[in-house]
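Values in this text are rule-based calculations from the coordinates and carry no lab data. Small disclaimer: the values here were computed from a predicted structure and weren't measured. Cβ placement follows ideal geometry from the backbone for every residue including glycine, while neighbour counts extend to all protein chains displayed.
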Amino acid sequence: MYEITTTRHNHLVDSTLHAWSWQIPTYLFLGGLVAGMMLISGYFLFKGRYKENNCSCYYLPLFSIVLLSLGMLFLFLDLEHKAYFWRLYTTFQITSPMSWGAWILILVYPALILNILMRVPKPLINKIPKLKNLSDEFLKHPFGIKITGIINMILGGMVGMYTGILLSSLGARPLWSSAVLWLLFLVSGLSGAAAFVHLIAKNVYERELLAKADNGFLVIELFVIAMLIIGLLTSSKSHMAAALILLSGPFASSFWVFVLGLGIVIPLIIQLLAVNHKIHHTPVAPIMVILGGLILRFVIVAAGQYSHWF
Amino acid sequence: MARFGMVIDTVKCVGCTDCVVACETENNVPVGFARDWIEQIAIGKFPDTHVEIRSERCNHCSEAPCVNCCPTGASHHSEFGGVVLVTHNECIGCKACIESCPYGARFVHPEGYIDKCTFCIHRVKEGKDPACVSVCPTHCMHFGDLDDPNSEVSKLLQKRKHHSLLPEAGTSPNIFYLT
């Protein structure tokens, strides 16, 4: 028997920790999605696919900027001392992943704007005609475009990794203290972004390519989830208990059904059939992948807060 | 530099919660929140059971994860005694420190910043003990410099069996429980 009676009853802390609500997993999901989009767009720029008129590298940065801003709004909404938000940018705390993230996100905006400059949306050109000249000039420099691609890939990779490291640096939560969480969130972000391009791409080659790539990402994601679980199960008692929260505990149904089943395995089967021309491409699979990525963040954040040392 | 810590005798503690009330009064802790609290831990199988009563609070860890994860530097070790403190007007209320604390010692103050035990640093600077220590009716709580071998707390740790909470979390807590 091990029974604890406590007089503590702090809001958001007791009886189980739930300090981070919907805002943080949504922010982590959007951050991961943007990271994946930056990697894909950056890759296409680097490979010279921007010469294709309907290349996704022209519209992905627009989506990225909107989704990232939305994510940062959610992050802001989560803050309890909102009036002091600016304090994030008066210092750099080298041991704090959140501080790293805040500064990386500041660097992401110029990289996305540089990407958008390659083809400025018409409503913006109508307002500021000089942007058209800037855009034309930019397209005359293939080396500059390659560099933009590389910058987007590097920053995208950093954002994708940061979303996982943010959690795994908080060692008090055994479920999060895993060295592969950053990889899981990075691959999941890439998978979500590939599914997004698969869903809306006008270019048939890109749609096929991203559907195939997404299948690869989903397989890697399954492998990383297996490594995460095995790593926890072979660690301390607290870590084992944390793994069991997902496998057979209160979050088991959402983990098995929504994250693994509907979020990875079923869309993987559908997309494998589609890329092998057994069935037509369907928007169902990529939508399931994107929603699966969102639910993954919700499950990991909530189950992580439920896990504790004992 | 001094390293302030506490030594609490679980054999003497009766769980009266005087320390909790003293803290609430001294520090204007909002109603419904607690900077310190009482835990009763029952271990074993009848008839071989054991109950430990502990007065708990922030452990003012030397390797404090809450200090490391703070994005603004609001959570910090004070120069006076290495006490873990939060500068209210630097805290953005991101709650990363709450997530990083294995002891659940922090909470969101209704005004938005993160709050926790300060070892009553304002009293200690005046040469007094923290409020919880000063009111304890069984004198089970002791406060002092753990780096001074002649302090009361150091001598108690030399003489008596003791343990800290979750040492496996690697935070080097500075509160010890005599058993």
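Listing for the model above:
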| read-out | value |
| --- | --- |
| Between 0 and 90°, nearest 10: helix A:266-275 axis offset from chain A longest Cα axis | 30 |
| Rounded FRET efficiency, nearest 0.05, which uses the C-beta distance separating residue A:222 from residue A:284 and R0 of 25 Å | 0.80 |
| In nm, spacing of pseudo-spin labels at residue B:49 and residue B:121 (7 Å Cα→C-beta vector) | 4.2 |
| Distance in nm between pseudo-label sites at residue A:234 and residue A:126 (7 Å out along the Cβ direction from Cα) | 6.1 |
| In Hz, Karplus ³J(HN,Hα) per residue of the range A:242-254 (6.51, -1.76, 1.60; θ = phi - 60°; x = Gly, Pro) | 5, 5, 5, 4, 7, 6, 9, x, x, 9, 4, 5, 5 |
| Out-of-range pairs (alpha-carbon distance over 23 Å; input A:47/A:130; A:51/A:140; A:47/A:278; A:47/A:212) | A:47/A:130; A:47/A:278 |
| Label point distance in nm, residue B:12-residue B:155, each placed 7 Å from Cα along Cα→Cβ | 1.3 |
| Note, ³J(HN,Hα) from phi for the range B:134-141, Karplus 6.51, -1.76, 1.60, rounded to Hz, x at Gly and Pro | 5, 9, 4, x, 9, 6, 8, 10 |
| Sequence-distant aspartates and glutamates (8 or more away, or on other chains) whose Cα lies within less than 13 Å of residue A:237 | B:168 |
| Sparse-neighbourhood loop sites, trypsin sites (Lys or Arg not before Pro) in the range B:112-179 - DSSP loop, at most 11 other Cβ within 10 angstrom | B:125, B:161 |
| Proximal lysines relative to residue B:95, as straight alpha-carbon distance under 25 Å, when same-chain residues fewer than 8 apart are discounted | A:82, B:116 |
| Highest-MSF residue in chain A out of A:282, A:91, A:148 [GNM, Cα springs under 10 Å] | A:91 |
| Cβ-based charge dipole, the range A:23-306, positive-most Cα from A:143, A:295, A:186 | A:143 |
| Overall form of the range A:203-310 per C-alpha gyration tensor (a/c, 1.5; a/b vs b/c) | prolate |
| Spatial separation of Cα centroids for the range B:24-75 and the range A:1-78, in angstrom | 32 |
| FRET efficiency, residue B:79 to residue A:92 (Cβ-Cβ, R0 25 Å, nearest 0.05) | 0.75 |
| Unit charges on C-beta of K, R, D, E only; dipole of the protein assembly as shown, Debye | 1820 |
| Global form of chain A, assessed from the alpha-carbon gyration tensor, a/c cut-off 1.5 | oblate |
| Excluding exposed DSSP-loop GluC sites (Glu not before Pro) (at most 10 other C-beta within 10 Å), longest clean stretch of chain B | B:1-78 |
| Computed magnitude of the charge dipole of the range B:4-178 (debye, nearest 20; Cβ of K, R +1, Cβ of D, E -1) | 300 |
| Crossing angle, helix A:142-168 versus chain A [Cα axis fit, 0-90 degrees, rounded to tens] | 10 |
| Cα centroid separation, the range A:94-163 to the range A:248-309 (Å) | 30 |
| Cleavage-rule hits (trypsin sites (Lys or Arg not before Pro)) in the range A:104-185: DSSP loop, at most 14 neighbouring Cβ within 10 angstrom | A:140 |
| Nearest-0.05 FRET efficiency for residue A:5 and residue A:147, computed from C-beta distance (R0 51 Å) | 0.25 |
| Choice from A:157, A:189, A:32 showing the highest fluctuation, given a GNM over chain A with Cα pairs closer than 10 Å | A:157 |
| Dipole of the protein assembly as shown, positive end: most advanced residue of A:243, A:253, B:59 [Cβ charges, Cα centre] | A:253 |
| Farthest toward positive dipole pole in the protein assembly as shown [+1 Lys/Arg, -1 Asp/Glu at C-beta], among A:74, B:47, A:4 | A:74 |
| Selected from A:65, A:24, A:200 as most flexible by GNM, with chain A as the system and alpha-carbon contacts under 10 Å | A:200 |
